[in-house]
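Report on the structure given below.
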Amino acid sequence: MVKVRILPEDRVFVLTGAGISAESGLPTFRAEDGLWAGHRVEDVCTPEAWERNPWLVWEFYSMRRAAAQRAEPNAAHAALGEMEARLGERFFLCTQNVDDLHERAGSERLLHMHGELAKSRCELECGRAPVEDGAIYGSLDEVGRCPCGGRLRPHIVFFGETPLGMERIQKELARATLMLVVGTSGSVYPAADFVYWAGRSGARTVYVGPERPRNAAAFTQVVEGKAGEVLPHLFEYV
Ligand code: APR
């Protein structure tokens with residue numbers, strides 16, 4: 001395996017997707033046995049689905065909460081925690097994942113662009129911050145309400161909604177000299193475009209995953225393999 005050298009002047013931007021949590025037992029989205037198998041995405045992950053049937057949405061996210069709570073971080077999450085410990089503020093991690101396995105492996109300079117499973121927020125745009133909520137609900141009656149009267153919804157960016165933290169992401173991408181992308185199929189935007197944005201500002205771009213992503217041609221280097229097997233041995237800190 002050709003090592004990825006990390007130089008003292010490098011600023012590293014990492015983007016992760018569902019594949020980094022696959023070895024922790026959490027299914028990816030577009031795998032055959034993936035999360036959407038029993039649930040059509042438009043039934044559970046859109047503002048329209050929420051309007052139509054909030055309980056179906058909560059049932060789905062309660063199931064995902066339970067699975068994430070059972071899962072443990074794997075060697076790939078740990079390798080990124082170690083990288084941050086070495087690089088400090090020269091490191092930034094943007095994840096599309098809504099599980100908390102990165103945090104549990106020590107990551108702190110972290111942004112969840114698609115939201116977080118363990119939080120809920122008001123369904124109305126009332127301005128209150130999301131609240132910690134790991135509950136696995138058994139019925140819609142159990143779901144609380146915001147002080148403003150709105151029902152709590154999962155703190156998840158549904159399809160058609162704007163990802164969180166885009167300003168920060170653009171700033172970090174613009175100053176990155178090395179971009180590492182792990183376990184994402186490159187089919188959901190805007191995340192699939194980040195490699196182009198980073199490349200435009202001159203960054204080296206590396207992809208790690210068992211198969212080539214849809215945007216593979218945009219990367220300087222593609223390392224084929226499972227994240228938990230590749231990441232612990234991939235980097236050479238100069
Ligand atoms: N290590 C690394 N990558 C892996 C592994 C592994 N062990 N196992 C699978 N993968 C790769 C697959 O090859 C695939 O390219 O992970 C990728 C998973 O792709 P998707 O299921 O499309 O997940 P992701 O790209 O994260 O989806 C993006 O779509 O549904 C929305 O909001 C949801 O954040 C999600 C977004």
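One table, with the values for the structure above:
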quantity	calculated
0 to 90° range, to nearest 10: angle between helix 166-175 axis and the chain longest Cα axis	0
C-alpha long axis of helix 54-70 to longest principal axis of the chain, angle in °	50
Charge dipole (the stretch 1-138, unit charges on Cβ, about Cα centre) - positive-most of Ala85, Ala118, Ser24	Ala85
Amide hydrogen neighbours beyond the local backbone of Ile136, cut-off 5 Å, H modeled	none
Global form of the stretch 186-238, assessed from the alpha-carbon gyration tensor, a/c cut-off 1.5	oblate
Length-normalised contact order for the stretch 145-221 - Cα pairs under 8 Å, 6+ apart - percent	27
For the chain, alpha-carbon Rg relative to the globular expectation (2.2 N^0.38 Å, N residues)	1.03
Accessible area, probe 1.4 Å, largest first, for residues Glu123, Glu116	Glu123, Glu116
Accessible-area ranking of Leu101, Leu152, largest first, probe 1.4 Å	Leu152, Leu101
Long-range amide H partners of His155 with built H, under 5 Å	Glu116, Lys119, Ser120, Arg121
Exposure of Glu172 as accessible area (Å², to 10), given a probe of 1.4 Å and all protein chains	10
Residue-count net charge about Arg109 - beta-carbon cut-off 14 Å; Lys, Arg +1, Asp, Glu -1	0
Accessible-area value, His114, 1.4 Å probe, nucleic acids and ligands omitted, Å²	30
Lys226, Lys119, ranked by accessible area, largest first (probe 1.4 Å)	Lys226, Lys119
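The values are calculated or read from the model by the stated rules, or taken from the named source; none is laboratory data. None of the values given here were measured: they were computed from a predicted structure. Because the Cβ atoms are built from the backbone with ideal geometry, glycine has one as well, and the counts that use them run over all protein chains shown. Surface areas here come from the heavy atoms of the whole protein model, side chains and all, with no ligands, DNA or RNA. Shrake-Rupley method; radii C 1.70, N 1.55, O 1.52, S 1.80 Å.
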